[in-house]
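This report refers to the structure that appears directly beneath it.
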Amino acid sequence: MTTDRASGSGAEPGQGRSDLGRRIAARRQQLGLSRAEVAARAAASPGYLAYVEEHAAEPSIGFLLRLAGALDTTVAELTGSTADLPTGFGQAGAHPEVLALGPAECRELLSTHGIGRVAVTVNDTPAVFPVNYTVVDDVIAYRTQAGSGPAAAAGHEAALEVDHIDDAFSQGWSVLAVGPAEVVTGFYESRRFEEQAYSAPWVGSGRYQWIALRPHHLSGRRIRVPGAPTPPTGGAPRAADA
């Protein structure tokens, strides 16, 4: 029986929902797990997990540790304490392994994320822009504004890099996709990307131009520390443009 505090249980679901609850629900849905499955992994009741997701609960550290393990993540990620911290300040782990990733694993990792950086040339100068993207049938597409920096990739070879950093264990992975980029002009193709997008553009409206990158080269590396938890492939829920 859990002893975590859960006041105000008469409130409607979602009323007073906390950022913690939203992160837990998003991570669970990203992994394709039901509340019952996660609750069983965390040795908790589905009802309490539902309460934590939908209300401003104050779970104990013991519950959070079990829940983080059940969701293949960390307490810091669930509580948002890493949101504003720069990555890359961790020390090297003991006996790290550097593994080359094959095309199939690169595709799998690309499909689990939605934030990357596209490298283009603007006015004869190299530039890198963060974008939110989606993957449909091995085509990487991002929505941007005509005439913007990310739109300069159209008509040229472009590179898009996606990575996941686990500072707590000094491990992670990086995938690089290289191929020709083009403006999506077909109505049905644009609608297909629109339907696959996970949210509206993070930077607001006005991003109506889809750029499709069709990679002919995929490469990646993973840094793994023996004995450390396997880095989760997922991150934040995908959006449709940066």
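The values are calculated or read from the model by the stated rules, or taken from the named source; none is laboratory data. For clarity, every value in this text was computed on a predicted model and none was experimentally measured. Virtual Cβ from ideal backbone geometry, glycine too; neighbours counted across all protein chains shown.
Before moving on, here are some points about what is shown:
- Any hit, region 93-102, residues being under 26 Å from I140 (Cα atoms), modelled with pLDDT under 75 and in a loop (DSSP other than H, G, I, E, B): no
- Among the conditions (1) crowded, with 16+ Cβ neighbours inside 10 Å; (2) hydrophobic (A, V, I, L, M, F, W, C); (3) modelled with pLDDT under 90; (4) under 28 Å from Q171 (Cβ atoms), the only one that A76 does not satisfy is (1).
- Hits in region 175-196 - residues which are assigned to a helix (DSSP H, G or I) and either among the charged types (D, E, K, R) or on the phi > 0 side of the Ramachandran plot (or both): E189, R191, R192, E194, E195
- Residue in region 147-156 that is modelled with pLDDT of 85 or more, crowded, with 20+ Cβ neighbours inside 10 Å and in a strand (DSSP E or B) present: no
- Considering residues of region 157-172 that are surrounded by 22 or more Cβ atoms within 10 Å (Cβ to Cβ) and either modelled with pLDDT of 85 or more or not assigned by TED's automatic domain parsing to the domain that holds V122 (or both) only, the residue farthest from V203 (Cα to Cα): A158
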